[in-house]
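Reading through the structure tokens given below for one structure.
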Amino acid sequence: MKKNHCIYHALFLSILLLALSGNAQIISIKSLPVATGNQFAYLPTENNGMGGLSFSISDKWLDPFINPAKGVKTKSSWLYTAPYFYRIQNNMGRARSLPVGMYFSGDPTFGGIAISMQNFDPQSSPGSSDRLSDRSANNIMITGVLGYKINKKLSIGAGVSYADLEAMDGVQMLYAWNDRVEQEGNIKSGRLAALYQAGQGREAEFILVHQRTDMTHEIYRRIWWDWMPILPTEIDEKRTELDRHRLWGGSFIYRTPIGSRNWTLSLGAAYNRKTHPKIPNYDIMRIPRDPGYSNAFQMILGLSKTKGPVTFGCEIVTEPISSKTWTEAIMDTQSVNGHTIMEGGRTIVNTFKFKNLWYRMGLKRNNDKWGFQLGMQWRNINYKLNQIDHINETERDQKESWLEWSFTWGLSLKYPEFDIVYHGQLMTGGGLPGINNNWQFGASATLSNDFIVAPAGAMSLQDANVMTHRITCVIPL
């Protein structure tokens, strides 16, 4: 028995070291104030109306899918469906999704599966003669998780996710004055996780994650040459852009009760190492880009309190992020002052330094038959871009910052046969970003993908809000 006890502690310490050396919440990087919906939010959630709280309180439906080892806390099996709809103001995009899935509870094995069919209507790019909002694309997303209880304190788990995509929110807006942008590709991810319950409300959780994004963008533009009235000429122009990203990361969260008044303290950290083998040549940059890499960190502090039927929580998350992208010379190139840049050398280098800050808070009150939720999320994105042009031998700095607000609410009803929860969300502070000239552009950044765009000049913004509605129905088995 003593030998097994030592083995479990050795395993626990090994996972801890791995988590801290290369950590797994996926950290999104966004350099434009874009309005985008929660395209990939197809997993069931109990607390989405509490301002997006994710570290300081437990979510009995969502937690087992995010950290597969936390399924050990699930005491019953259930089926779920969670249809949701979101629309971006000014007809800038919308999506309708129908997720379904199930979770089974067992001892020592437990797990679940979630599948979502999504119909996505993107907005066309500025100047387009054939609106993409009149078309639609279909996406399929699936997640599977499996966990195992080793003993009363330690559980482990693993999960895989796959998304087959015909469209990602906002991509078409990055390519100006095009008739249409056809997207095709997939996102694959896998994660390993562990949960260590030390007793008396103290616990530590660990996640290691790997993600691969492989998308292809086909950009079509129709050109009319009408300088000859008798024989006008129509030319179809097409170009192909590849979007490739690789991510390794992980996270560590520790929770412990404090004081004698039902408060819980949550402390955590996360790290993502991202490589960008191929970044699309978005029009808002006006510069081709080749490879790049990013290092993203999160430091997490959360507090929560439960007293009777009421739960309150708040979180502060800081995000120091650095990112570098560059252009490589395809042949020996002369600078304006006669210096030679060898083939493969860097002609333009973009360096981002982010200092982002999140604040979330929310509360809920539940009784035996019904409950409600209220919440708010505030996000400040602040970065400095340093761009060095080795061909023109120039250097410039650009600073950008903006605030994004989310207001959430929810209503739940409980019956012996099923639970049903409605969640609503209003996101403000984003929109259709552009640069200060006659063109305007947009972008999207989700938790599953990044758009690290170096603007060609000072940015402008056409405001647009995002409204989301979701109904989650869970049927116990």
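Points to keep in mind about this one:
- Residue order, fewest to most surrounding Cβ atoms within 10 angstrom, among Val466, Val310: Val310, Val466
- In this structure, the amide hydrogen of Asp59, modeled 1.01 Å from its nitrogen in the peptide plane, lies closer than 5 angstrom to no residue at least 5 positions away or on a different chain.
- Looking at region 366-435, the GluC sites (Glu not before Pro) that sit in a DSSP loop and have at most 12 other Cβ atoms within 10 Å of their own Cβ are Glu393, Glu417.
- Extended-chain gain in nm, criterion 0.36 nm per residue less alpha-carbon gap, Lys238 and Asn337: 32.1 nm
- For Leu265, nonlocal amide neighbours, meaning residues 5 or more places apart or on other chains whose placed amide H falls under 5 Å from its own, are Thr256, Ile258.
- Ranked by how many other Cβ atoms sit within 10 Å of their own Cβ, fewest first, the residues Val100, Val317 fall in the order Val100, Val317.
- Cross-link pairs exceeding 18 Å in C-alpha to C-alpha distance, out of Lys149/Lys305; Lys324/Lys384; Lys70/Lys369; Lys73/Lys364; Lys70/Lys274, comprise Lys149/Lys305; Lys70/Lys369; Lys73/Lys364; Lys70/Lys274.
- Modelled this way, with points 7 Å down the Cα-to-C-beta line, the labels at Phe407 and Arg202 are 4.2 nm from one another.
- The distance between label points at Ile113 and Lys278 comes to 3.2 nm (points 7 Å beyond Cα on the Cα→Cβ vector).
- With the convex hull of its Cα atoms as the shape, region 24-95 has an orientation-averaged projected area of 6.5 nm².
No lab work stands behind these numbers, since they all come straight from the coordinates. Just so it is clear, the model here is predicted, and its values are computed rather than measured. Every residue, glycine among them, receives a Cβ derived from its backbone with ideal geometry; neighbour counts consider all protein chains shown.
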